[in-house]
Each structure stands twice: as C-alpha cells, then as structure tokens.
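Following: one structure in structure tokens, then a few remarks.
The values are calculated or read from the model by the stated rules, or taken from the named source; none is laboratory data. Only a predicted model underlies this, so the values are computations on that prediction, with no experimental measurement involved. Here the Cβ is made from the backbone with ideal geometry for all residues, glycine too, and neighbour counts use every protein chain on show.
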Amino acid sequence: MADTTLAGKADSEADPPRRSGRLAGFLHRSETARGYLLISPTLAIMTVGIIMPFLILLVLSFWTRQGFGFDTTPTFNNYIRVWTEPIFGALLQRSFWISGIATVATVLLCYPMAYFVAFHVHRNKMLWIILMTLPFWTSYLLRIFAWKVILGYEGVINSGFMAMGWIQAPLEFLLYSQTAVIITLAHAWAAFAILPLYVSLEKIDKSLLEAATDLGDGPVARFLRVTLPLSMPGVIAACFLIFIPTTGDYVTPALLGGPDGAMIGNFIQLQFGAVNNWPMGATLSIVLMLWIAAIALVFLFLTRRAQARIT
Amino acid sequence: MDILDQLGAVREGKLSRRRFTQGLLSAGVAMTMVPAGARRVMASEGDQATYFTWGGYDIPELFGEYQAKNGALPNFSVFGGSEEALTKMRGGFVVDVSHPCNQALPRWVASGLFQPIDPSRLSHWADVMPELIDLQGNDAGEGKVWMAPFDWGQSSITYRTDLVELPNGEESWDILWDPKYAGRLGSLAAGADAWWIGAIKAGVPFDQLDTDEAFEKIAAVMREQRPLIRTYTDDTTTLEQALASGEMVAALTWNSSAALLRSEGVPVAFAKPKEGALTWVCGVVIHKDAPNIDRAYDVIDSLLSVETGQFMINDYGYGHSNRKSFDSFDEEMLSGLGLSKNPIEVLQAGHFQIPQSQDWETRMNELFEQIKAGF
C-alpha cells in the first residue's frame, strides 16, 4: 500500500506537478476564473435546475400539440393565441388583480407589526419575531384548509355571526370567491413581509428621529419624512417577495377560488393535465414570466423616482 | 477516534479549524444518510403493487384478499379525473394497475401504455358478468382483455330531499339548471362526466357527439349552468360535505356520495332523472412496464372478489362485476341503490357512455375548461 503510493508519487513527479502548478498559476492570475470556481457548485445547480428547464419550456412553447405527441415545426401560433383570445388576457388580469390586492393588504397589515417590534420592543425581540412567524411552521395546505374552516358555510365566521344574530343566512361570498383567495394569500405570505420590513425598520438610526423631532416635526410628519422613506427598501422587497410567487399560485384558487376565483396558475396546470396541451402550458408560463418581469421593472422604476423626490 | 468535548472547545475558543471542518463534514454526511435510511425501510413495503386509482378506492376494505396473501396493502396513488391520470402516466409515471372507465378505454389502449390481461391467471374470472367484459375496444385477442371490469354505476344528481322541490314532482336534470338554486348547486369538474350530462340535457344523442353542432349545443347548455354552480371539484368529499351542511342542495355525483350521505343520516336521494342518468363501467388495466406483475394480478383478483363486491354494493352503492356479490342482497335493496342483478338493465336504462376519439376528448376538455373559467 505504502509502496504503491510512493511509486505513484515518484512516477507523477515528472509531469503533473508542473501542470497543477500551471493551473494554480492561472487561477492565481485570473480573478474571474477564481470567481467562477468559487461559485461553480451554485452555478451547476442553477444550470441543471433552472436554466435547462427554462430552455425546455422555451422550445416547447414554439411547438404544437398533435394527438399524443408534438409537431416540432417552430411556430408562433401559441403566442398569437394568447394574444388574441380574450380568456388568457382576462385570466392574467385577474391573477395580477388578486395578487396585487393580496400584496398591498399583506404589506399594510404587516408594517405595523414590524414597526412595533422594531421600535417598541426592547427585550426578547427574537422571541417576538419567532412568535409572529409561528403560523408559518405549519404546512401551507393546512393553512388553506384552516381558512376553509373559518370562511366556510358552517364555518367559524358564519356560525359566529349567526349566533350573535347579525345575519340570518350564512354569507356565501366568503368561500369559493376571489375574496377567499385574497384573504388566504394575505395571511399565508405574511412572514415574507414581516421579516424584510422588520430588518429595514430595525436598521433606522434612532438619532435621525430625534433630530426630526428637535426640528419641529410631529409624529406623523416624522413618520412620513424619515421612517417611511428609510424603510422603503423593506417595503419594496416585501412587495416583490409576495407579488411574484402569488401571481402564479395554484393551490389556493384551486381549493378556495370557486369558478370565479380561478387564476392563470390553474389554467397552466390544466394545460399540462386534462386539456393535454403542453406547448400551450409552456407558452402561458413564459408569458406570465414576462409580464411579471415587466410589472416588477415598472414598479421598481416608480419607487426609485418617488424615493428620489422624497430625499 | 478520540472523543472531544466539542461544545466545551467552542466555549473556550479552542476549537481548531480542522476539528470544525470535521464536525461540519460529519453533520453533512449524517444529513445525506438520513433519507437513505428511510428509503431502506420503505423498500420492504415498496415490493407491493402500486394501484393508481380514483379517490375513495384507496381503502383496506377492497383489498382483504390481497392483504391475506401478501401481508400488506398495495401502494396507492390517487387521481381525480382519468384524463389527468393518463397524462401523468404518459409523462413517465409507472404503476402496476390503474382504473379507467369504458369511455376512455380505447384511448388508453391506443397510448400503448398497457398490456393485455390474461384471464386464466384470475381466480374469480369465471364469475365476472360477461356483458361487462364485452365492451367496445376491450378485446385484446387470444382470449385476453385489456381491462378487467370492476365497478359500474351512474352519474346522477344527489339532492337534499328536504331542500329541493322537484319540478312537476319528477326527478329531472333540470334541477341542476334551476336558477332558483343559483349558488347552491355543485358539479364534478371533469368533462368526462359533466360534458356528457350536458349532452343529455341538450338532447344530443351520444352517437352524434362529434359534430360542430353538438359542441355548440352542449357548450350553450354548460354556459347556462356555470353561473349557478358554487364550485366545480373532482373531490367528492367537498361535494358530500357541502350537501350535508346545506351549502349545496343538489350536485352531480356518483353513486357513492349518495350512499355515504344516506348512511350518515342526511336526507338525500340519488335521482333517477326522467331524461336518463349517465351510466358507465370502470375496470382495471395493467401497465406495460408493471414492476410487480404477479402482485398486479393479486390486486385485480382482490378487487373482483365477493367480499370486495359486497362492500362496494353495500357501502358505496356501486355495482360490482362479480355476479356472486349480489347474492346476499335482495332486489328491493338493490333497486333502492339504483342497481340490479342484471347490469345491462340499469346500464341501458340510462345513457351508456360511448368511447370517443382523442381529438374529441381534447377539444371537449379545452372548451369545457374555458367555459368553467367563464368564457
């Protein structure tokens, strides 16, 4: 054993060290190469897990369904259909509407919570944060079913209101509606708003607030002129973190949406399932991606300008 | 290897870099090994056949014989609609046994994903009613069949007898189109049931479904119904719960929903609509690459057994393919369930589904999904 390793070493001494030396030298000289080497595991995962599937999706979107298989002549027909048939536009619009409202509601509801912990809690802050994110330790599906129980026909809200005599018949718009989807999304994604908001509020230098008070700002003016602009990065991050994934959400509308609450994610799933039109599903996914990217860019641009005006 | 007090070392600030890396490595290796351990435990169960079936068929009551022979239940995977199931298997999902219905059978066979069943390997085959074997597209040659018939029944209206007022005192499909009950009606989501009901309602005979005119007529009927529907779902439990609470007064369901609700004491009836119910026969097929072919036959044998049949009739209200299963029930009880010892009588009294082409199926699903989305 020891002999062979020694022999092997002796053999390789002639050439390889120089080669590895050359490699090391190359790495030493080129900063770019070193950078790529460092991120190579991540890069490999990204390539296999994101870029490859995306390319497959892209190619698929230019094909056509043909019985059980695909007609592989490239064509823009799927994109033309998405553009011309009203159903796709309407579903996209509805998805953006629902997730837009859910995003605004989530951020508005979570801002006070994050604000309170950042400014008024002085001990055990971590405990507070953990307590606020506690509901998110349960499965997403469980939270959806919990809302089904709360909003249902014989659910907590309806039976409570009926017992108090506020309503005669159960409120039916609570479940199987866009309202149900918005409420559930706003609750289910709250953790993704609280954390970035808390971090950005926590970072604010308290002496700036004191300075504002000294210079004559009341609490409201102080909030609008100092706290809010300085916490904008957190608000923007929260908006992105919620808006992007909820637009394509599939489970929530499928279980709580009813006929009028279906979103684009449900339709994409159907293309890969019952409707059996994978190219169309691929096209819809890509169109959705492009729309989200466009909306995100516009949003970023607007907030940049607003921030520039404030500061 | 010497054992170090790692925590103590950290506290004293004496943990060497090498020790730290070793600790990380062992944690990493341990994490990677966790699923490997679990997999080995699963493997002893994994030798069982996998049965890919409709929700509600994944219960031990149907597999008494299988369990007695193999000591465990088969593995289950559940689907909500048969198109979804076919798409999943075409995408590479390999199972041993699956569960299509007569209307989908020729298309399933055409996909080339299934192997003929050799009846000589099934101990209960002699008792299976020949009328149910003799289905369109079921003959695989050399005395073999593609699908072993298992259950048969109807798609009809389950309605609350205390909340629904029958139009002219007759049970009719009009209940599901009655604006009086807007927002309190439910429907199965799959076109494989709902669209055919639309055809019955629109008065289109099943042998003329594949025409533009038929599509237009049925689509018009489905669009008329859509605003009245509270929710479309493939999950029968959702419909059953809604019917039990009174959230829905009537819904398109299979036999089992009505039977289950009645056994819970909910005042429901499974309608015999004057226009005729939708009738079907479902059965089991074997995947061509079935990894546990012997156990696949055990699954089928167990499903065809008399004990399973009695449970299916008594608890689910479905017809069974084994004629001996009916022996312990009297005619009165069977007709109360909408069943009979002579299946043809029931199947022909309703509208029996006829297989359609793949193009028709795709076109129908595409159109129906658009209608459900509100277009």
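Any residue in segment B:122-129 that is over 15 Å from B:Tyr297 (Cβ atoms), crowded, with 17+ Cβ neighbours inside 10 Å and of a type in the set (Phe, Trp, Tyr)? Checked against the condition, which is being over 15 Å from B:Tyr297 (Cβ atoms), crowded, with 17+ Cβ neighbours inside 10 Å and of a type in the set (Phe, Trp, Tyr), segment B:122-129 yields no hits at all.
Within segment A:20-52, being within 14 Å of another protein chain (Cβ to nearest Cβ) and within 30 Å of B:Ala85 (Cβ to Cβ) holds for no residue.
What do you reckon, is A:Phe161 out of contact with any helix residue (DSSP H, G or I) (no Cβ under 6 Å at 6 or more places or on another chain) and either more than 14 Å from chain B (Cβ to nearest Cβ) or aliphatic (A, V, I, L, M) (or both)? It would help to see each step written out before you state the result.
Values: out of contact with any helix residue (DSSP H, G or I) (no Cβ under 6 Å at 6 or more places or on another chain): yes; either more than 14 Å from chain B (Cβ to nearest Cβ) or aliphatic (A, V, I, L, M) (or both): yes.
It is true that A:Phe161 is out of contact with any helix residue (DSSP H, G or I) (no Cβ under 6 Å at 6 or more places or on another chain) and either more than 14 Å from chain B (Cβ to nearest Cβ) or aliphatic (A, V, I, L, M) (or both).
Against the numbered list (1) exposed (fewer than 15 other Cβ atoms within 10 Å of the Cβ); (2) hydrophobic (A, V, I, L, M, F, W, C); (3) under 23 Å from the mean Cα position of the chain (by Cα), A:Ala308 comes up short only at (3).
Which one is surrounded by the fewest Cβ atoms within 10 Å (Cβ to Cβ), of the residues in segment B:363-375 that are facing chain A (nearest Cβ under 7 Å) and among the charged types (D, E, K, R)? Among residues in segment B:363-375 that are facing chain A (nearest Cβ under 7 Å) and among the charged types (D, E, K, R), the one surrounded by the fewest Cβ atoms within 10 Å (Cβ to Cβ) is B:Glu366.
With respect to A:Ala163, determine if the residue is modelled with pLDDT of 90 or more, surrounded by fewer than 16 Cβ atoms within 10 Å (Cβ to Cβ) and more than 30 Å from A:Ile244 (Cβ to Cβ). Yes; evaluated as a whole, the condition is true for this residue. Which of the residues spanning segment B:331-362 are within 10 Å of chain A (Cβ to nearest Cβ), in contact (Cβ under 8 Å) with a residue 24 or more places away in the chain and not in a loop (DSSP other than H, G, I, E, B)? Passing the criteria: B:Gln358, B:Glu361. The set of residues in segment A:240-287 that are buried (at least 22 other Cβ atoms within 10 Å of the Cβ) and within 29 Å of A:Ser200 (Cβ to Cβ) comprises A:Ile242, A:Phe243, A:Thr246, A:Thr247, A:Asp249, A:Thr252. If you scan segment A:165-205, which residues turn out to be over 24 Å from A:Leu255 (Cβ atoms), of a type in the set (Phe, Trp, Tyr) and not in a loop (DSSP other than H, G, I, E, B)? Across segment A:165-205, the qualifying residue is only A:Tyr198.
Can you give me the ranges of the strands (runs of 3 or more DSSP E) entirely in segment B:218-309 with at least 1 residues that are within 14 Å of another protein chain (Cβ to nearest Cβ), touching a Gly at 6+ places or on another chain (Cβ under 7 Å) and of a type in the set (Gly, Ala, Ser)? The strands (runs of 3 or more DSSP E) meeting that bar are B:250-254. Put simply, of A:Val82, A:Val48 the only residue that is under 30 Å from A:Thr246 (Cα atoms), in contact with a helix residue (DSSP H, G or I) (Cβ under 9 Å, 6 or more places away or on another chain), of a type in the set (A, V, I, L, M) and at pLDDT 90 or above is A:Val82.
Tell me, which residue of segment B:53-70 that is outside any helix (DSSP H, G or I) and modelled with pLDDT of 90 or more is nearest to the other protein chains (Cβ to nearest Cβ)? Applying the filter and picking the extreme gives B:Trp54.
Count of segment B:235-255 residues, restricted to those that are closer than 14 Å to A:Val149 by Cα and of a type in the set (A, V, I, L, M, F, W, C), is 1.
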